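Notes follow once the structure below has been shown.
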DNA sequence: TATATAGTAAAACGATCGTTACAAAACTAG
DNA sequence: CTAGTTTTGTAACGATCGTTTTACTATATA
């Protein structure tokens, strides 16, 4: 054994993730990453191999830290539409209450979809995986809210797409017009209420 | 007067637009732009001043050449939902039939929303203008399709947001999963049919 | 045809990019 | 305390970035 690493990989990855989230992969330079993480390139390359390696770690952290906790409420064992309303409600609150200068606007993976994913197969796979996971969670919550039998598969899938669409486009628009992003999320909530009139919230 | 310009600004801008559309602003290098347009940097800088000047011309061309013709069908004087069905139908067809290696996937402005727009005010203004224009066109078509009185303003705006959302997220997802992008557009069409059962298509 | 003006070609610019090499520093294990 | 191993700071790398300069060519005008 030799000298021990003085920094925690987790906090470094989170700092890098916020930078990538804010500026995108290409626009985030190594100088920026040094400043954001407080580490020299030496340590960054030693720990993560490359800029891309750090980015991949950031994306993984984003999925685990940001996405999955959000989707978890959709998997809660509710028997009405409250899980869906919780999901869109908390997303709207988070969008509304974040500091005006917060760098965590929109969604890292949505940004990847418009940027990297078009020409980078691994990134495309990650983004597609996120889309599938989001759809599955919404589908689960929609099934839980409905009285099982009286909704055909086709209409279920339409509803999944509508909600996934509102969710993603809200994250997209959040970078341009926060008020409208919140309105999109509220539209999703209203749509859920229209589908399930007897829901608790 | 001296020597005359041998190239047509319009075709050069279109070539540049397709490159920006495909790779994004930052990833499109001047070497790429030279190759795509067939011009040297000399001519490009003489005609457009800077890379950004060429990009702005490309965005303007994109709005006039791609966006506005698409939105035009929403402004046609129909009295049912056919304009909306035409819009989403033609978008779905265009997405479905384009060559697999086509560089014109998704939407240049949607890509800008996720990338440049977060840190560049002029770009953000352009993207926001696009969103407003799209919403206005959808609102116009929705009003034309409804029997005027029996739809409240609130539900109209919800419908505008739902359709705008499906439109934008389809363009976003087109870069990752073309099949799903088409499905989103078909979901929009089905939603329109559900709202206006007596529509012609 | 002479001249002025404007378009084009080529090269070099300084800056910044991600990456690597090297050596000093730090610390564990024996 | 020493030996051995790992982390870190510094500097330089070659490549590429957008931009500018310089010189040359082509052509409309007079």
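The values are calculated or read from the model by the stated rules, or taken from the named source; none is laboratory data. Because the structure is a prediction, the values reported are computed rather than measured. Every residue, glycine among them, receives a Cβ derived from its backbone with ideal geometry; neighbour counts consider all protein chains shown.
Things to note:
- Count of region A:71-97 residues which are in a loop (DSSP other than H, G, I, E, B) and within 14 Å of chain B (Cβ to nearest Cβ): 0
- Condition check for residue B:73: at pLDDT 95 or above and under 16 Å from the mean Cα position of the chain (by Cα): yes
- Check on residue B:186, within 7 Å of chain A (Cβ to nearest Cβ), in contact (Cβ under 8 Å) with a residue 40 or more places away in the chain and in a helix (DSSP H, G or I): no
- Selection count where residues are assigned to a helix (DSSP H, G or I) and in contact (Cβ under 8 Å) with a residue 12 or more places away in the chain, scope region A:189-198: 5
- Residues (at pLDDT 95 or above and more than 25 Å from the chain's Cα centre (by Cα)) located in region A:1-33: A:31
- One residue from B:134, B:116 being more than 30 Å from residue B:5 (Cα to Cα), within 16 Å of DNA strand D (Cβ to nearest atom) and in contact with a helix residue (DSSP H, G or I) (Cβ under 6 Å, 6 or more places away or on another chain): B:116
- Qualifying residue in region A:135-142 (condition: within 11 Å of chain B (Cβ to nearest Cβ) and either over 19 Å from residue A:58 (Cβ atoms) or touching a residue at least 24 places away in the same chain (Cβ under 8 Å) (or both)): yes
- Helices (runs of 4 or more DSSP H) enclosed by region A:1-69 - at least 2 residues per element that are surrounded by fewer than 20 Cβ atoms within 10 Å (Cβ to Cβ) and within 10 Å of DNA strand C (Cβ to nearest atom): A:30-37, A:41-48, A:51-62
- Count of residues meeting criterion [in a helix (DSSP H, G or I), over 19 Å from residue A:137 (Cα atoms) and either within 7 Å of chain B (Cβ to nearest Cβ) or touching a helix residue (DSSP H, G or I) at 6+ places or on another chain (Cβ under 8 Å) (or both)] in region A:161-183: 7
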